[in-house]
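Read the structure below first, then the notes.
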Amino acid sequence: MDNYKSTIDACADYLKSRIITPPEIGLILGTGLGQLADQIENPQIFPYSELPHFPTSTVVGHKGQLVIGTLHGKAVAMLQGRFHYYEGYSLKEVVFPVYVLKALGVKTLIVTNACGGMNTAYQPGDIVLINDFINTAFTNPLIGPNDDELGPRFPDMSEPYKKSLIDLALSVDKHLPQGVYCWFSGPYYETAAEIRAFRILGGDLVGMSTVPETIAANHCGMSVLAFAVVTNMATGIQTVKHDHHRVVQMANLAAIRLEKILIDLLPKLP
Ligand code: HPA
């Protein structure tokens with residue numbers, strides 16, 4: 001197998017030779033939240049299938065393309081469709097796009113997701129700023145040989161979501177709640193006992209994404225800001241069974257507000 005770093009560089013070189021505006025800000029948009037790409041000016045669209053060594057999306061509702069251009073004055077690279085561990089990708093594949101963004105010059109990564117609410121102060125439709133994570137999948141993308149050119153063997157994880165970026169987001173909407181996100185591998189929705197355990201551990205939100213990308217971004221020195229859309233209350237808190245279509249519907253509804261927050265936030269970003 002090719003060396004991981006060289007596959008990242010090959011993909012980044014392919015993009016660098018084609019892109020007009022080198023991106024400074026990366027966005028990874030979760031379930032139902034990909035419409036923002038339509039607002040990108042002078043978009044350059046790269047289907048994942050065209051990109052050397054890039055994994056390809058399997059989930060319905062995820063488009064599977066990288067859109068590069070400018071959004072409200074900022075040079076952005078937007079991943080429409082992400083890779084989930086539950087799809088069978090290795091975690092190195094899941095975070096491959098993050099390292100490609102870094103190689104393109106991205107310094108700030110904004111991540112969005114749809115998730116379940118465990119903190120009973122939340123309700124479906126809420127948008128929550130993630131301020132820390134708990135890795136309840138008990139694996140991570142950094143396991144294996146470390147390439148020091150990508151990042152350190154033992155990266156610090158004391159500020160996975162950068163406090164100054166959280167403060168900027170609060171300057172856009174001071175009512176945004178904050179919470180701790182538990183990453184669960186999925187693809188089944190958690191049991192009620194698992195949710196009780198995660199709440200005791202200190203989790204407020206639960207979902208099947210975001211943490212691998214957060215770990216990789218911190219590893220390679222990017223600052224991360226993450227928004228979680230509470231599409232449902234977690235198992236045992238809500239009385240009805242989970243329904244993926246309902247999750248997508250709620251994410252689509254909240255996307256309108258989240259897009260507005262992101263657009264107001266972009267000009268303020270460093
Ligand atoms: N659990 C895990 N992932 C999710 C949920 C949930 O309740 N809702 C949306 N994504």
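Say whether the condition of being buried (at least 17 other Cβ atoms within 10 Å of the Cβ), in a loop (DSSP other than H, G, I, E, B) and touching a strand residue (DSSP E or B) at 6+ places or on another chain (Cβ under 9 Å) is met by at least one residue in segment 4-18.
No, the conditions are met nowhere in segment 4-18.
For segment 138-177, how many residues are open to solvent by 60 Å² or more (accessible area, probe 1.4 Å), over 19 Å from the mean Cα position of the chain (by Cα) and not acidic (Asp, Glu)?
Qualifying residue count, segment 138-177: 8.
Give all pairs with beta carbons closer than 8 Å in which a residue from segment 198-217 that is over 15 Å from Leu109 (Cα atoms) meets a residue that is part of a helix (DSSP H, G or I) and not aliphatic (A, V, I, L, M); count only pairs at least 6 apart in sequence or on separate chains.
Sorted first by the residue in segment 198-217, then by its partner, the pairs are Val206/Phe198; Met208/Tyr85; Met208/Tyr86.
Can you report the number of residues in segment 167-190 which are within 16 Å of the ligand (Cβ to nearest atom) and in contact with a strand residue (DSSP E or B) (Cβ under 6 Å, 6 or more places away or on another chain)?
Residues of segment 167-190 that are within 16 Å of the ligand (Cβ to nearest atom), as a first pass: 179-190.
From what's left, in contact with a strand residue (DSSP E or B) (Cβ under 6 Å, 6 or more places away or on another chain): 179-184, 189-190.
Total meeting the criteria: 8.
Mind checking which residues of segment 227-245 are in a helix (DSSP H, G or I) and either more than 12 Å from the ligand (Cβ to nearest atom) or under 23 Å from Val180 (Cα atoms) (or both)?
Of segment 227-245, the ones in a helix (DSSP H, G or I) are 244-245.
Once the filter is applied, which keeps residues that are in a helix (DSSP H, G or I) and either more than 12 Å from the ligand (Cβ to nearest atom) or under 23 Å from Val180 (Cα atoms) (or both), segment 227-245 yields only His244.
Quick check on segment 191-207: of everything there that is within 12 Å of the ligand (Cβ to nearest atom) and assigned to a loop (DSSP other than H, G, I, E, B), which residue is surrounded by the most Cβ atoms within 10 Å (Cβ to Cβ)?
By that ranking, first place goes to Gly203.
Out of Val180, Val224, I need the residue that is in a strand (DSSP E or B) and surrounded by fewer than 24 Cβ atoms within 10 Å (Cβ to Cβ). Which one?
Working: Val224 fails: surrounded by fewer than 24 Cβ atoms within 10 Å (Cβ to Cβ).
The unique qualifying residue is Val180.
From the list Thr231, Thr214, Thr210, exactly one residue is touching a helix residue (DSSP H, G or I) at 6+ places or on another chain (Cβ under 6 Å) and open to solvent by less than 20 Å² (accessible area, probe 1.4 Å). Which is it?
On the way: Thr214 fails: touching a helix residue (DSSP H, G or I) at 6+ places or on another chain (Cβ under 6 Å); Thr210 fails: touching a helix residue (DSSP H, G or I) at 6+ places or on another chain (Cβ under 6 Å).
Checking each option against the conditions leaves just Thr231.
Kindly indicate whether any position in segment 255-263 is without any contact (Cβ under 8 Å) to a residue 60 or more places away in the chain, open to solvent by 10 Å² or more (accessible area, probe 1.4 Å) and assigned to a helix (DSSP H, G or I). Full working, then the answer.
Keep residues of segment 255-263 that are without any contact (Cβ under 8 Å) to a residue 60 or more places away in the chain, which gives 256, 260.
Still in the list and also open to solvent by 10 Å² or more (accessible area, probe 1.4 Å): 256, 260.
Going one step further and asking which of them are assigned to a helix (DSSP H, G or I), we end up with 256, 260.
Within segment 255-263, one or more residues are without any contact (Cβ under 8 Å) to a residue 60 or more places away in the chain, open to solvent by 10 Å² or more (accessible area, probe 1.4 Å) and assigned to a helix (DSSP H, G or I).
Among the residues of segment 77-104, which ones are away from the ligand (no atom under 16 Å from the Cβ) and either among the β-branched types (Val, Ile, Thr) or touching a Lys or Arg at 6+ places or on another chain (Cβ under 9 Å) (or both)?
Residues of segment 77-104 away from the ligand (no atom under 16 Å from the Cβ): 77-80, 88-93, 95-104.
Listed by number, the residues that qualify are Gln80, Val95, Pro97, Val98, Tyr99, Val100, Ala103, Leu104.
The values are calculated or read from the model by the stated rules, or taken from the named source; none is laboratory data. Note that the structure is predicted; figures quoted are calculated from it, not measured. Don't worry about glycine lacking a Cβ; one is built from the backbone with ideal geometry, like all the others, and counts go over all protein chains shown. Note: areas computed on protein heavy atoms with side chains; ligands, DNA, RNA excluded. Shrake-Rupley method; radii C 1.70, N 1.55, O 1.52, S 1.80 Å.
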